[in-house]
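The values are calculated or read from the model by the stated rules, or taken from the named source; none is laboratory data. Bear in mind that the values here come from a model prediction, so they are computed numbers and not experimental data. Here the Cβ is made from the backbone with ideal geometry for all residues, glycine too, and neighbour counts use every protein chain on show.
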């Protein structure tokens, strides 16, 4: 249920930003709150996932393939 609620919160925030003309922004989870963040700030620095980390292992265990 948490993921459905979180997805709904992101969706509501995105629609709200669009209707308010807040283009170039994205919905971001900051602690427990959804806030508007400039896309440029969100992609400013490369964020990586450790290839041997839990996220990759979980994805692989459910059949997600990352290529060669």
Go through the range 18-56 and give me each residue that's touching a residue at least 12 places away in the same chain (Cβ under 8 Å), more than 14 Å from the chain's Cα centre (by Cα) and either surrounded by 12 or more Cβ atoms within 10 Å (Cβ to Cβ) or in a strand (DSSP E or B) (or both). 22
Any residue in the range 6-13 that is surrounded by 10 or more Cβ atoms within 10 Å (Cβ to Cβ), at pLDDT 95 or above, more than 13 Å from the chain's Cα centre (by Cα) and assigned to a helix (DSSP H, G or I)? yes
Could you look through the range 57-68, keep only residues that are at negative phi and loosely packed, with under 10 Cβ neighbours inside 10 Å, and pick out the one that is farthest from the chain's Cα centre (by Cα)? 68
